[in-house]
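This is the structure I have questions about; it appears just below.
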Amino acid sequence: MSRICLDTSAYSNFRRGEPGVVEHLDRAEWVGVPSIVLGELRAGFRLGTRAESNVRELDEFLDHAVVEVVSVDAVVAQIYGEIFADLRSKGRPLPTNDIWIAATAVRAGASVLTFDEHFRDIVRAGSLVLEPPVT
């Protein structure tokens, strides 16, 4: 069984029916959705043309028994600081939100499910980097 934290790209591709994401979610015993991801998704929904249906689908997803919203707390903030400083010292700055997502996953003992290669640079956080869908 596995514990995974979704990043925004993984959730978006899940909603599109991407088989790799669906497979991981079907096998997961626990799925974390970092509060940072919720913010990114809700911002995107507000800018799109399907805001109401996107919010409804997200709320239905969050109601699933194995899904849990994972918030930022003092431990996540500590981990964020450590990851940020480590990446900066190696000359590998990454998008701030992605560092928060990784820190949340570390706190939860989960791997980040993503399509973003740069998560591999965050050694402390396990990552499951999927190949982008062919369009």
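Here, each number is a calculation from the coordinates, and none is a lab measurement. Bear in mind the structure is a predicted one, so any value in this text is a computation, not a measurement. Glycine gets a Cβ as well: all are built from the backbone with ideal geometry, and neighbour counts include every protein chain shown.
Once you place label points 7 Å from the Cα toward the Cβ at residue 66 and residue 23, how far apart are they in nm?
So the label points at residue 66 and residue 23 sit 1.5 nm apart.
Which ordering of 114, 8, 96 is given by a fewest-first count of other beta-carbon atoms within 10 Å? Numbers along the way, then the final one.
On the way: 114 27, 8 23, 96 11.
Ordered by Cβ neighbours within 10 Å, fewest first: 96, 8, 114.
For the Cα atoms of the chain, what angle does the longest principal axis make with the long axis of helix 51-62, in degrees from 0 to 90, nearest 10?
It works out to around 70 degrees.
Under a 5 Å amide H to amide H cut-off, with H placed in plane at 1.01 Å, what residues pair with residue 128 once short-range neighbours are removed?
112, 113, 114
Shifting gears a bit: Would you work out which of 96, 76, 128 lies farthest towards the positive end of the dipole of the chain? Charges go on Cβ: Lys and Arg +1, Asp and Glu -1.
The one lying farthest along the dipole's positive direction is 96.
Could you size up the charge dipole of the chain around its Cα centre, putting +1 on the beta carbon of Lys and Arg and -1 on that of Asp and Glu, and report it in debye to the nearest 20?
Rounded to the nearest 20 debye, it is 340 debye.
Where does helix 74-89 land angle-wise versus the long Cα axis of the chain, in degrees 0 to 90, nearest 10?
Helix 74-89 and the main axis of the chain meet at about 60 degrees.
Pop a pseudo-label 7 angstrom from the Cα along the beta-carbon direction at both residue 59 and residue 97 and give the gap in nm to one decimal.
Rounded to a tenth, the inter-label distance reads 2.2 nm.
Please work out the Kirkwood hydrodynamic radius for the chain, using every pair of different C-alpha atoms, and report it in angstroms with one decimal place.
Hydrodynamic radius (Kirkwood, Cα pairs) of the chain is 15.1 Å.
Still on this model: Please work out the C-alpha center-to-center distance from the range 40-97 to the range 6-23 and express it in whole Å.
14 Å
With θ set to phi - 60° and the Karplus curve 6.51 cos²θ - 1.76 cosθ + 1.60, what are the ³J(HN,Hα) couplings of the range 18-24 in order, to the nearest whole Hz, using x for Gly and Pro?
Once rounded to whole Hz, the list reads 4, x, x, 5, 4, 4, 5.
Given the options 47, 17, 30, identify the residue whose Cα lies farthest towards the positive end of the charge dipole of the chain (+1 on Cβ of Lys, Arg; -1 on Cβ of Asp, Glu).
Toward the positive end, the furthest listed residue is 47.
Please give me the summed charge of the neighbours of residue 32: other residues whose Cβ is under 14 Å from its Cβ, Lys and Arg +1, Asp and Glu -1.
Net charge around residue 32: -2.
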